[in-house]
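The values are calculated or read from the model by the stated rules, or taken from the named source; none is laboratory data. For clarity, every value in this text was computed on a predicted model and none was experimentally measured. These area figures cover heavy atoms from the full protein model, side chains too; ligands, DNA and RNA do not enter into them. Shrake-Rupley method; radii C 1.70, N 1.55, O 1.52, S 1.80 Å.
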Amino acid sequence: MKYIMFEDFSGAPTPIIFSNRIDHADMREQMPYTRALSAGYVSLRPDGFYCYGNSKSLDLKAEPTDAAIIAAKFDDPES
């Protein structure tokens, strides 16, 4: 799966996870958030989420903290 980490309206990082068949730039155009923080690929491994790679179209890459942010959203969707 692909993802883009956005900064939401309150300033919190908010991940959007989507199919590999959708281009990062196309998904970016659909989101109302002003700032994209990082982007790449995410997979679920036995030890948790793993974020890697980059988005050439957005000129962004996966950041070391992205997997923890995504995992926290699954633990507490209201966060």
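If you sort Met5, Met27 by accessible surface, 1.4 Å probe, largest first, the order is Met27, Met5.
Lys2 sits with roughly 20 Å² accessible to a 1.4 Å probe, with DNA, RNA and ligands left out of the calculation. For the chain, the share of accessible area belonging to carbon and sulfur comes to 52 percent (1.4 Å probe, ligands and nucleic acids excluded).
Straight Cα distances below 18 angstrom link Lys56 to the aspartates and glutamates Asp23, Asp26, Glu29, Asp66, with same-chain residues fewer than 8 positions distant left out. Only Cα pairs under 8 Å and 6+ residues apart enter the sum, and on that basis the relative contact order of the chain stands at 27 percent. Accessible surface calculations at 1.4 Å, restricted to protein heavy atoms, place the range 2-75 at 62 Å² per residue.
Note on Leu58: accessible area approximately 40 square angstrom, rounded to 10, probe 1.4 Å, nucleic acids and ligands left out. Computed from phi, the 3J(HN,Hα) profile of the range 19-35 under the Karplus parametrisation 6.51, -1.76, 1.60 (θ = phi - 60°) reads 4, 4, 6, 9, 6, 3, 5, 5, 5, 4, 5, 7, 8, x, 6, 6, 10 Hz, with x in place of Gly and Pro. Listed by chain and number, the lysines whose alpha-carbon sits under 25 Å from that of Lys73, ignoring those within fewer than 8 places in the same chain, are Lys2, Lys61. In square angstrom, rounded to the nearest 10, how much accessible surface does Arg35 have for a 1.4 Å probe? Spelled out: Arg35, probe radius 1.4 Å, area about 130 Å². Mind running the shape call on the range 2-75? Use the C-alpha gyration tensor, a ≥ b ≥ c as the square roots of the eigenvalues: rounded below 1.5 for a/c, prolate if a/b tops b/c, oblate otherwise. It comes out oblate by the Cα gyration axes.
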